[in-house]
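*Asks:* A single structure is presented below for examination.
The values are calculated or read from the model by the stated rules, or taken from the named source; none is laboratory data. Just so it is clear, the model here is predicted, and its values are computed rather than measured. Methodologically, a virtual Cβ is constructed for each residue, glycine included, from the backbone with ideal geometry; neighbour enumeration extends over all protein chains shown.
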Amino acid sequence: MLKRLVIGRAKRSEELGETLLPKRLALPIFASDPLSSVAYATQEILLVLTLGGLAYLHFTPWIAAAVVALMTVVVLSYRQVVNAYPSGGGSYEVASTNLGASAGLVVAASLLVDYVMTVAVSVASGVDNIISALPSLADYRVVMALGFVALLTAMNLRGVRESGRLFAAPTYLFIGGVLIMVGTGLFRYLLGDAPVAESAAYGIIPEEGDADLAGLALLMLVLRAFSSGCTALTGVEAISNGVPAFRKPKPRNAATTMAAMGIIAITMFAGVTTLAIISKVHIVEDACRLTGLDADCESYTQRTVIAQLAASVFGGNDSVGFYYIQAATALILILAANTAFNGFPLLSSILAQHRYLPRQLHNRGDRLAFSNGILALAIVAGLLLWGFEANVTSLIHLYILGVFTSFTLSQSGMVRHWNRELRTETDLTVRRRHQLSRVVNATGAVVTGLVLVIVLATKFTQGAWLAVLAAVLLWLMMRAIRRHYDRTAAELAVTDPHMERRLPSRVFAIVLVSTVHKPTMRALAYARAFRPDHLEALTVAVDREGLDRLRRQWDDFEIDVPLKVLQSPYREITKPVVEYVRSIRHAGPRDVVAVFIPEYVVGHWWENLLHNQSALWLKSRLLFTPGVMVTSVPWQLTSSARADRPAARAPGAVRRGEPITLHEHAAARHAPPGTTQE
């Protein structure tokens, strides 16, 4: 009931086509991350430049221009990816196809780490903006962040289309609000009434050693500010990963959506940065470096750049425009995590299909979403937010490294792709188009490669090494998973069909018993139905009285099956049974031993606690013994007949009348009455 309330009714596989997205919904779903980064990209540039006080803020427009140029190149480059590889693999598919499997895994590991960081940074930044409007909520930062992750998880489990409808309005409200704010601020500036930020009157004390930088030191500061501003590019590749989710014609619609995203993001970023320069926003990581404060710096909470701009443009912290911008910004930042909630499960599904991740990640849930990937992302991101106390400044250093790794390798792969196409293409018009595309991708590879070096050099010691370590470990794990799947496939492959179809010499059936009751009789009858070459009942004698009672019952009911007794002076059940079964296998290597275990089926989880758990251990041991087949013979108690609803059944319990598989054997929580005294 709770599951249906949260995610809705299950959908049939045939309904997958109904979940495809029009461009108006695809934009907020796949582009909310790069669009929302407008809210903090400018702020990250200013935070680095103000390390030297106010002296270096004149570099802001040049750094912003470099970020805009870089975003333009990346958007144009990924439009080529969308058209050349519309299957949805994006950077991973491009790198794998053109640079090899190892390069593809580097891209995949980098993107998976970055998707986790997208959720953490976006949600933490959204909570920051809520606190900017309502400072009294500062003590509940982590709780709010985790609550938003849970909400996003629930909405995405409902399906891509449903989450798109929910997230579309906040995205468009944010875009409209920022454009109105920028337009109003610039119009006032042209009229000679430039908006002034609340922090414009504050001075800034430089960090020790950063006051008079020159030469290489100054260059490193500027490059560090540029690398921080490159957070504006996070999520740009998500559309190329989500092409299969678009309506037909998929590549054209995806390319159009990407172009729209690029134009809107560049316009907003340039506008916010220009407005921040005009209004003289002064912001630092440590408020105690501000001079001219009227309050105690230890308790002073700085407002975000976007909050200061809204207050200066719309007339103060109590204006309708200020609260509108803050609400829209908080919403879009939190919903920006939705880009990762779509990209991470989709990429995980592709990797699982290629046997680099567990196959469960390729399965679709009730609402045709990749539910396991969504839950995995939510858990890891939640742990990250909890560990870093939802602090944007701490999390931001782990960010964007993976993005530029995937940018660089995918664009390099696209250059190889066009080289291969040009070797076989003879049409001059098509060749010119391919050559232009190659120039675009080559430019993207060089530029993003340089940015990757800059980001690595400026952020590595400040926390980026954690992201690098996580990506390396993930890369190693994926290779290990692939080796396991390859070994398993090779071992299971049929090499000699005639040999594999060969019948066993004998079938040796064993029914485990402890007393004579209805489950025992059913197990004996079921074993007879298999017509084995040899059938016997097996019991373990843990006490003399119980063994004598069993033998009397055996004689009283005239059961014509031999009763084998294993002595166990130390009251061990599993070991004697396993050793006996193995001895039969040693005596006849081509024999098959079928072990039948009577089991109670109960209807409530707590009833499992009233029965022993020896079946779990016994089955787990027997399943590792070659040539041994384990069959559970269920006997449904009255409580199981009343527990028809799935929610009322015990975990691992078997439904009435349902066949039992070996997987259910290993997971069963109840004990067989034939293995010990009840």
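*Asks:* Taking VAL439 as the residue in question, decide whether it is touching an Asp or Glu at 6+ places or on another chain (Cβ under 8 Å) and among the aliphatic types (A, V, I, L, M).
*Replies:* Criteria not met by VAL439.
*Asks:* Checking ASP286 against (1) touching a residue at least 12 places away in the same chain (Cβ under 8 Å); (2) over 13 Å from GLU198 (Cα atoms), which single condition isn't satisfied?
*Replies:* It is condition (1) that ASP286 fails.
*Asks:* Residue by residue through region 294-305, note down the ones that are of a type in the set (A, V, I, L, M, F, W, C) and modelled with pLDDT under 80.
*Replies:* Answer for region 294-305, where residues must be of a type in the set (A, V, I, L, M, F, W, C) and modelled with pLDDT under 80: ALA295, CYS297.
Yes/no per residue for (1) in the same structural domain as ARG438 (by TED's automatic domain parsing); (2) among the small types (Gly, Ala, Ser); (3) within 22 Å of ALA307 (Cβ to Cβ):
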site	(1), (2), (3)
THR60	yes, no, yes
ALA101	yes, yes, no
VAL116	yes, no, no
PRO135	yes, no, yes
ALA150	yes, yes, no
MET155	yes, no, no
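*Asks:* Tally the residues that are free of Cβ contacts under 8 Å to residues at least 24 places away in the same chain and either farther than 30 Å from ASP548 by Cβ or not assigned by TED's automatic domain parsing to the domain that holds ASP560 (or both), restricting the search to region 481-528.
*Replies:* So the answer is 19.
*Asks:* Hydrophobic (A, V, I, L, M, F, W, C), closer than 27 Å to PHE246 by Cβ, modelled with pLDDT under 85 and within 24 Å of the chain's Cα centre (by Cα): is that true of VAL113 in this structure?
*Replies:* So VAL113 does not fit the description; no.
*Asks:* Now a separate question. Residues that are in contact with a strand residue (DSSP E or B) (Cβ under 6 Å, 6 or more places away or on another chain) and farther than 30 Å from LEU190 by Cα: does region 249-271 have at least one? Explain how you work it out, then say what you get.
*Replies:* From region 249-271, those in contact with a strand residue (DSSP E or B) (Cβ under 6 Å, 6 or more places away or on another chain) are 253-254; that's our starting set.
Keeping just the survivors that are farther than 30 Å from LEU190 by Cα gives 253-254.
Yes, region 249-271 has at least one match.
*Asks:* Just the residues that are outside any loop (DSSP other than H, G, I, E, B) and either more than 20 Å from ALA328 (Cβ to Cβ) or of a type in the set (Lys, Arg) (or both), please, taken from region 285-317.
*Replies:* Of everything in region 285-317, those that are outside any loop (DSSP other than H, G, I, E, B) and either more than 20 Å from ALA328 (Cβ to Cβ) or of a type in the set (Lys, Arg) (or both) turn out to be ALA287, CYS288, ARG289, LEU290, THR291.
*Asks:* Further question: Within region 298-337, track down each residue that is among the β-branched types (Val, Ile, Thr), surrounded by fewer than 24 Cβ atoms within 10 Å (Cβ to Cβ) and either in contact with a His (Cβ under 9 Å, 6 or more places away or on another chain) or over 17 Å from SER136 (Cβ atoms) (or both).
*Replies:* Within region 298-337, just VAL320 meets the criteria.
*Asks:* Another question, if that's okay. Hey, which of the helices (runs of 4 or more DSSP H) in region 392-468, taking only ones fully inside, have at least 2 residues that are buried (at least 18 other Cβ atoms within 10 Å of the Cβ) and of a type in the set (Ser, Thr, Tyr)? Full working, then the answer.
*Replies:* Values: elements: 392-396, 401-424, 428-459.
In region 392-468, the matching helices (runs of 4 or more DSSP H) lie at 401-424, 428-459.
*Asks:* While we're looking at this one, here's another question. Within region 97-109, does at least one residue satisfy the condition of being among the aliphatic types (A, V, I, L, M) and free of Cβ contacts under 8 Å to residues at least 40 places away in the same chain?
*Replies:* yes
*Asks:* Moving to a separate point now. Within region 18-50, which residues are hydroxyl-bearing (Ser, Thr, Tyr) and surrounded by 24 or more Cβ atoms within 10 Å (Cβ to Cβ)?
*Replies:* SER32, SER36, SER37, TYR40, THR42, THR50
*Asks:* Continuing with the same structure: For residues that are modelled with pLDDT of 85 or more and not in a helix (DSSP H, G or I), scanning just region 318-358, find the one that is nearest to VAL123 (Cα to Cα).
*Replies:* In this case the residue turns out to be SER319.
*Asks:* Could you tell me whether ALA381 is in a helix (DSSP H, G or I), modelled with pLDDT of 80 or more, surrounded by 23 or more Cβ atoms within 10 Å (Cβ to Cβ) and not basic (Lys, Arg)? Break it down into steps so the answer makes sense when it comes.
*Replies:* Working: in a helix (DSSP H, G or I): yes; modelled with pLDDT of 80 or more: yes; surrounded by 23 or more Cβ atoms within 10 Å (Cβ to Cβ): yes; not basic (Lys, Arg): yes.
Spelling it out, ALA381 is indeed in a helix (DSSP H, G or I), modelled with pLDDT of 80 or more, surrounded by 23 or more Cβ atoms within 10 Å (Cβ to Cβ) and not basic (Lys, Arg).
*Asks:* Is at least one residue of region 261-268 assigned to a loop (DSSP other than H, G, I, E, B) and closer than 30 Å to ALA103 by Cα?
*Replies:* Looking for residues that are assigned to a loop (DSSP other than H, G, I, E, B) and closer than 30 Å to ALA103 by Cα, one finds none in region 261-268, hence no.
*Asks:* If THR231 satisfies every condition in (1) within 30 Å of LEU20 (Cβ to Cβ); (2) part of a helix (DSSP H, G or I); (3) not acidic (Asp, Glu) but one, which is the exception?
*Replies:* (1)
*Asks:* Could you list, in sequence order, the residues of region 78-117 that are of a type in the set (A, V, I, L, M, F, W, C), buried (at least 24 other Cβ atoms within 10 Å of the Cβ) and under 20 Å from THR443 (Cα atoms)?
*Replies:* Correct list: VAL81, VAL82, VAL94, ALA95, VAL107.
*Asks:* Within the group THR273, THR256, THR291, which residue is surrounded by fewer than 24 Cβ atoms within 10 Å (Cβ to Cβ) and at pLDDT 90 or above?
*Replies:* One residue alone meets the criteria, THR256.
*Asks:* Looking at region 79-94, is at least one residue under 21 Å from the mean Cα position of the chain (by Cα), polar (S, T, N, Q) and modelled with pLDDT of 85 or more?
*Replies:* No - not one qualifying residue is present in region 79-94.
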